[in-house]
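Accompanying notes for the structure given below.
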Amino acid sequence: MYRLLVVDDEPIIVDGMYRSLQEEELQLDVHRAYGGDEALEKLNLMRYDIVVSDIRMPGMSGLELQEHINARWPACKMIFLTGHPDFEYAQTAMRGGSVDYILKTESDEEVLRSVRKAIAQLDAERLSAKFVDKASEQFQLAVPMLQRELLQGLCEGTRPAAVLEAGVCCEICTFRLRLDDKVMLVMGRVDCWPDRIAKASDKTLMMFAIHNIAKEYLDSCTLQAVNLEHYRFLWLIQPTASLVEFRSDSAEPLWDRAVRLVHGDLEMIQSTSLELLNVPISIASGHAEVEWRHLPSCYEHLRAGLGRGLGIGQETIVMERRPAADEAQGESENAKLAIRNLLRKWTGTDYYYDTGGKPETLKLLTELAEKLEPFYEETGFFLEVYYALAAHLLAQWNRWGEQHEPPSDIQLDQVSHYQLHATRRDAFHYLIHAALRLFEVRDSEKTDHTNQVVDTLNQYVTEHLDADLSLTALSDLVHLNPYYMSRLYKQCTGMNLPDYITEERIKKAKELATRSHLKMHEICRKVGFESPAYFTRIFKKKTGCTPQEFRELYRLSSSGQ
């Protein structure tokens, strides 16, 4: 639905065109202004998609109004009206981007033709290729961020290594790492930022400087840097051809040579960062290369090693060696990592609550419960998972305030204390039940609120048929965007709101015509029609007869004739 504004200094023209456009099945939200200055005030308050304006008006002319519109609402379509065939004005108007230039002496059908033309242009522009081109430009600008998200996801385990095999990342991965080779992982941390580096942009710049220092020292390796936050980063490293050629007669395996080179240069990278940038950093390095699919496990060990540190915990260099583990232990670590990722997916965002995805939530929580099944007896890990989920659930309840108490079958004490349940399994499944009940309560409230909005609109329309019932006026009543309110109303009732208003006006008109002695022009005003002629046209269109004929037919039927 588009919003249209009719502008002219002659009220009879504005009102006539207003009624004519409302009568058509164009699904327009029509407004009017009796001069350029009043139109500008309306345009400063809200966006209009189409403006039909007189070109010559006292005060602000149509051409001056067009300049303001082009500056504020460049997508708005202008249709000019004039009483004189002034081609100089027409040329100026068309150069300003107007859709059409119409003489006031032409028929209403010509105006409607121009409005339909403007609507067609608006529809076409919504699907225009320029949006695709612009999106493509924005995508190219976003490639570095997408690369960071992909690599961070691979390291944290939120992105499966299968995306590499499927080639999903090929379009955004312009980095030079070989996806068919192993990779070495190094994690770094800025221990503290100097006082002179306070802005986020300055910290980002320093991070790039640290990466460049690393690339200078490790010039015989390919290094892909990933900034995790404004203080933590990753380096993914692979040997290049130059390292293969170096000492080609050496029997030392290539990756052993590469790992030794990286470990040997970490101290130089750290000291150079401190000397040149005055930025102290700590580094944790993997002890060997790993498969891409094992990055998450390596990432967790490096993060733990960097967190432990040594001494005062600053300017440390940790060579993290994974302890020897059997296959079962490796599977257990991977399972725990998968649980943590699912938990992060649930607690790290309000998406599931805000978008109403109850089926998705049930699927995720069911998967989480299944994966947690082998770990109920591991107290530390169970408590980590349980209380992360419980805290997030309690936060969602509290967002609603005290007026939204939990339903009677949910006790918050049993959410926050797993010991109140017979088993840990029972406690965790109680959490899932509480989360799903939250959805039910929220959905019920949303339905009640939606019904309340519809009831408020219907009641207001019925009680104020002679008032301003434009979509804009009604949207202020229920505090919703006019377009969204219109869609919501149709979704709930199956009827367009303007059609409902017309039906209620005709219904009331029928009642007044048969049960009162009011004259037709008085009924016209009471039910909110602009003019008796317009009232008669709409009444006949809906009932098949004029209001007066309807009254007479009713009297004849009542008298038995």
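Under 5 Å between amide hydrogens, which residues at least 5 positions from Met319 or on another chain qualify, with H placed 1.01 Å from N in the peptide plane?
Answer set, sorted by chain and number: Ser285.
Distance from the Cα centre of region 499-558 to that of region 407-454, in angstrom?
Here the two parts' Cα centres lie 53 Å apart.
How many percent of the accessible area of region 440-500 is carbon or sulfur, using a 1.4 Å probe?
Numbers: 1610 of 3370 Å².
That fraction is 48 percent.
Extension gain Glu216-Glu367, at 0.36 nm per residue separation less the Cα-Cα distance, in nm?
So the extension gain works out to 49.8 nm.
Which of the lysines could a cross-linker bridge to Lys371, judged by Cα under 19 Å and excluding same-chain residues fewer than eight apart?
Cα-Cα hits under 19 Å: Lys336, Lys345, Lys363.
Taking the solvent-accessible surface of protein heavy atoms with a 1.4 Å probe, what is the per residue accessible area of region 452-495 in Å²?
Value for region 452-495: 54 Å² per residue.
Would you mind checking which residues have amide H under 5 Å from Val279's amide H? H placed 1.01 Å from N; only 5 or more apart, or other chain.
Leu274
Is region 411-561 best put as rounded, prolate or oblate by its Cα gyration tensor, with a ≥ b ≥ c the root eigenvalues, rounded for a/c under 1.5, and otherwise prolate when a/b is larger than b/c, oblate when not? Present the calculation step by step, with values, prior to reporting the outcome.
Numbers: a/c = 4.67, a/b = 3.25, b/c = 1.44.
The shape class here is prolate.
Pull up all non-local amide H partners of His31: gap of 5 or more, or a different chain, and H-to-H distance under 5 Å with H placed in the peptide plane.
Leu4, Leu5, Val6
Within the set Lys117/Lys510; Lys519/Lys540; Lys182/Lys215, which residue pairs have Cα atoms separated by over 27 Å?
Lys117/Lys510
Short version: ³J(HN,Hα) in whole Hz for each residue of region 99-113, in order, from phi by Karplus 6.51 cos²θ - 1.76 cosθ + 1.60 (θ = phi - 60°), x for Gly and Pro, what are they?
Each residue of region 99-113 in turn: 7, 7, 9, 10, 6, 5, 6, 6, 6, 4, 4, 5, 5, 4, 4 Hz.
Ranked from the most accessible area to the least, with a 1.4 Å probe and all protein chains present, what is the order of Met319, Met520?
On the way: Met319 80, Met520 40 Å².
Per-residue accessible area, sorted high to low, gives Met319, Met520.
Please turn the phi angles of region 145-150 into ³J(HN,Hα) values with the Karplus equation 6.51 cos²θ - 1.76 cosθ + 1.60 (θ = phi - 60°), one per residue in order, whole Hz, x for glycine and proline.
For region 145-150, the Karplus-derived couplings read 5, 5, 4, 4, 5, 5 Hz, x marking Gly and Pro.
The values are calculated or read from the model by the stated rules, or taken from the named source; none is laboratory data. Note that the coordinates shown come from a computational prediction; the quantities given were computed from them, not determined experimentally. To get the accessible areas, we keep the full protein, side chains included, count just its heavy atoms, and leave off ligands, DNA and RNA. Shrake-Rupley method; radii C 1.70, N 1.55, O 1.52, S 1.80 Å.
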